[in-house]
Amino acid sequence: MTQSNGGTAVAASPESIEGDRFARAIAASKRIRWDIDKDVVRERVFNTAQKFLPDGLTRIEQFKFLSLEEQRYLSQIQGRTYANIFRLVERFVSALALTLSRDHFFGNQAALEALIRFADEELKHQELFRRIEGLIGDQLPGGYNFDWNPNDIARTVLKNSHWAVLLLTLHIELFTQAHYKESIEHDPNLSPLFKDVFLFHWKEESQHAIIDELELIRVDAALSEAERDRGVDQFIDLVGAVDGILQAQSIKDASYFVETAGRSFTAEETRRLKAGFVQSYRWQFILSGAQQPRFLKVLSSLINGAQTKRIQAALAAIS
Ligand SMILES: [Fe+2]
Ligand SMILES: [Fe+2]
């Protein structure tokens, strides 16, 4: 990129390119800003005759021993947990954005504004997903349990370095977009309300991933080799902690399915359901994101071959 300087073309500095990217993220955030009631919910309720989460995300091929009606019910339970997991992680993401904004108080004002808008949007998303939990809860049977404490989880996550938490956040915000574009957008059989929730969420997440990447590069530039290496270990631990939550939630959700689907299941069917739920959730929240080309590109620009192998080994142990 070049810019005019009194008639002499000079290369734009990395700072001005970064400033442009923050400014574009702010402009996009202003342009697409939406309202939960007016734009997303629009006084609609969920219809249990419709699927919520698409087959590509539930990995429905694992559940072909269920009737079509049961497969649809499974997509509704997984869709409810899918929305709740976003609500959970957005607590630490908004706190992270506000914490990072302090570094820009007396510096890059575009970065400061972009991070404040980012945190504000994540607060709105938490409210959106609280509303969605209530609306789905109105339609599905009692007994569903998602009792994670978002503050406890956020406090634990934020004990790690900004580098590790930013990397985890970038991973989440990239797979959010991929899920919408690759699985949700083109599925004609999904609940229109569920689809709209993730359409509007996707629109704001696109800016967040850009900001994550810019902040990650800024934070990385100040690290020593030893600090970065510790960050790799922390990222692996964070992915392990996410997996612990997914394993526990998958057991709860599979048990809820068995108790409320309206028939008895054999021990083998119950075993397959429990194993299938954990595979679905690992795919949704860990493995699909770890394959995203943008994530791999950013990662390979920051860490060396040995560190990449450590991350790959940790992911292989999960899959
Ligand atoms: Fe979000
Ligand atoms: Fe986000």
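The values are calculated or read from the model by the stated rules, or taken from the named source; none is laboratory data. Since this is a predicted model, take the numbers as computed values, not measurements. Note: ideal-geometry Cβ built from the backbone for every residue, glycine included; neighbour counts use all protein chains shown. The area values use the complete protein model at the heavy-atom level, side chains included, leaving out ligands, DNA and RNA. Shrake-Rupley method; radii C 1.70, N 1.55, O 1.52, S 1.80 Å.
What number goes with the only condition from (1) polar (S, T, N, Q); (2) closer than 24 Å to Ser67 by Cα; (3) open to solvent by less than 50 Å² (accessible area, probe 1.4 Å) that Thr266 does not pass?
(3)
List the pairs whose first member sits in region 142-163 and is closer than 30 Å to Ile303 by Cα, whose second member is of a type outside the set (D, E, K, R) and part of a loop (DSSP other than H, G, I, E, B), and whose Cβ atoms are under 8 Å apart, counting only residues at least 6 apart or on separate chains?
Qualifying pairs under 8 Å: Trp163/Leu223.
Can you tell me which residue is farthest from ligand 2 (Cβ to nearest atom) among those in region 69-96 that are small (Gly, Ala, Ser) and crowded, with 24+ Cβ neighbours inside 10 Å? Outline the logic, then answer.
Initial filter on region 69-96 (small (Gly, Ala, Ser)): 75, 79, 83, 94-95.
From the residues that got through so far, the ones that are crowded, with 24+ Cβ neighbours inside 10 Å too are 75, 79, 83.
Details: Ser75: 24, Gly79: 19, Ala83: 14 Å.
Of everything passing the filter in region 69-96, Ser75 is farthest from ligand 2 (Cβ to nearest atom).
Restricting to region 199-213, name every residue that is within 12 Å of ligand 1 (Cβ to nearest atom) and either in contact with a strand residue (DSSP E or B) (Cβ under 8 Å, 6 or more places away or on another chain) or open to solvent by 10 Å² or more (accessible area, probe 1.4 Å) (or both).
Correct list: Phe200, Trp202, Lys203, Ser206, Gln207.
If I filter region 261-277 for residues that are on the phi < 0 side of the Ramachandran plot, aromatic (Phe, Trp, Tyr), in contact (Cβ under 8 Å) with a residue 60 or more places away in the chain and in contact with a helix residue (DSSP H, G or I) (Cβ under 9 Å, 6 or more places away or on another chain), do I get at least one hit? Please lay out each step first, then the result.
Initially, region 261-277 is screened for residues on the phi < 0 side of the Ramachandran plot, giving 261, 263-277.
Still in the list and also aromatic (Phe, Trp, Tyr): 265, 277.
Subsequent filtering for residues that are in contact (Cβ under 8 Å) with a residue 60 or more places away in the chain retains 277.
Still in the list and also in contact with a helix residue (DSSP H, G or I) (Cβ under 9 Å, 6 or more places away or on another chain): 277.
Yes, some residue in region 261-277 is on the phi < 0 side of the Ramachandran plot, aromatic (Phe, Trp, Tyr), in contact (Cβ under 8 Å) with a residue 60 or more places away in the chain and in contact with a helix residue (DSSP H, G or I) (Cβ under 9 Å, 6 or more places away or on another chain).
Just the residues that are free of Cβ contacts under 8 Å to residues at least 24 places away in the same chain and assigned to a helix (DSSP H, G or I), please, taken from region 219-232. Full working, then the answer.
Keep residues of region 219-232 that are free of Cβ contacts under 8 Å to residues at least 24 places away in the same chain, which gives 221-222, 224-226.
Selection gives Ala221, Glu225, Ala226.
Restricting to region 105-117, and then to whatever is open to solvent by 10 Å² or more (accessible area, probe 1.4 Å) and assigned to a helix (DSSP H, G or I), can you tell me which residue is nearest to ligand 1 (Cβ to nearest atom)? Break it down stepwise before answering.
Our first condition is that a residue be open to solvent by 10 Å² or more (accessible area, probe 1.4 Å); within region 105-117, this holds for 105-110, 112-113, 116-117.
Within this subset, residues satisfying the condition of being assigned to a helix (DSSP H, G or I) are 109-110, 112-113, 116-117.
Details: Gln109: 24, Ala110: 21, Leu112: 20, Glu113: 18, Ile116: 15, Arg117: 12 Å.
By that ranking, first place goes to Arg117.
Scan region 235-253 and give yes if some residue there is open to solvent by 10 Å² or more (accessible area, probe 1.4 Å), more than 20 Å from the chain's Cα centre (by Cα) and either within 16 Å of ligand 2 (Cβ to nearest atom) or touching a residue at least 40 places away in the same chain (Cβ under 8 Å) (or both), otherwise no.
The answer is yes; a qualifying residue exists.
Starting from residues that are open to solvent by 20 Å² or more (accessible area, probe 1.4 Å) and among the polar types (S, T, N, Q), keep the ones in region 162-198 and report whichever is nearest to ligand 1 (Cβ to nearest atom).
Going through the qualifying residues, I end up with Gln177.
I need the full set of residues from region 137-161 which are of a type in the set (Phe, Trp, Tyr), open to solvent by less than 60 Å² (accessible area, probe 1.4 Å) and either in contact with a Leu (Cβ under 9 Å, 6 or more places away or on another chain) or closer than 16 Å to His125 by Cβ (or both), in order please. Break it down into steps so the answer makes sense when it comes.
Within region 137-161, the first condition is being of a type in the set (Phe, Trp, Tyr), and the residues that meet it are 144, 146, 148.
Remaining after also requiring open to solvent by less than 60 Å² (accessible area, probe 1.4 Å): 144, 146.
Selection gives Phe146 alone.
Tell me which residues, restricted to region 136-154, are part of a loop (DSSP other than H, G, I, E, B) and either on the phi > 0 side of the Ramachandran plot or of a type in the set (Val, Ile, Thr) (or both).
Applying the first criterion (part of a loop (DSSP other than H, G, I, E, B)) to region 136-154 yields 140-149.
Gly143, the sole residue that qualifies.
Given (1) at pLDDT below 95; (2) open to solvent by less than 60 Å² (accessible area, probe 1.4 Å), where does Ile60 come up short, assuming only one miss?
For Ile60, the failing item is (1).
Looking at region 53-95, which of the residues that are more than 16 Å from ligand 1 (Cβ to nearest atom), among the hydroxyl-bearing types (Ser, Thr, Tyr) and free of Cβ contacts under 8 Å to residues at least 60 places away in the same chain is farthest from Asp147 (Cα to Cα)?
Once the filter is applied, the top-ranked residue is Ser67.
Quick one: which of Ile318, Ile303, Ile236 is modelled with pLDDT under 95 and over 29 Å from Gln139 (Cβ atoms)?
On the way: Ile303 fails: modelled with pLDDT under 95; Ile236 fails: modelled with pLDDT under 95.
On inspection, the qualifying residue turns out to be Ile318.
I need the full set of residues from region 106-132 which are under 24 Å from Leu214 (Cα atoms), within 14 Å of ligand 2 (Cβ to nearest atom) and in contact (Cβ under 8 Å) with a residue 40 or more places away in the chain, in order please.
Within region 106-132, the first condition is being under 24 Å from Leu214 (Cα atoms), and the residues that meet it are 106-126.
Of the ones still in play, those that are also within 14 Å of ligand 2 (Cβ to nearest atom) are 114-126.
Of everything in region 106-132, those that are under 24 Å from Leu214 (Cα atoms), within 14 Å of ligand 2 (Cβ to nearest atom) and in contact (Cβ under 8 Å) with a residue 40 or more places away in the chain turn out to be Ala114, Leu115, Arg117, Phe118, Glu121, Glu122, Lys124, His125.
Those residues that are open to solvent by 60 Å² or more (accessible area, probe 1.4 Å) and either within 22 Å of Ile116 (Cα to Cα) or assigned to a helix (DSSP H, G or I) (or both), I need them from region 24-54; list them, please.
Arg24, Lys30, Arg31, Arg33, Asp35, Asp37, Lys38
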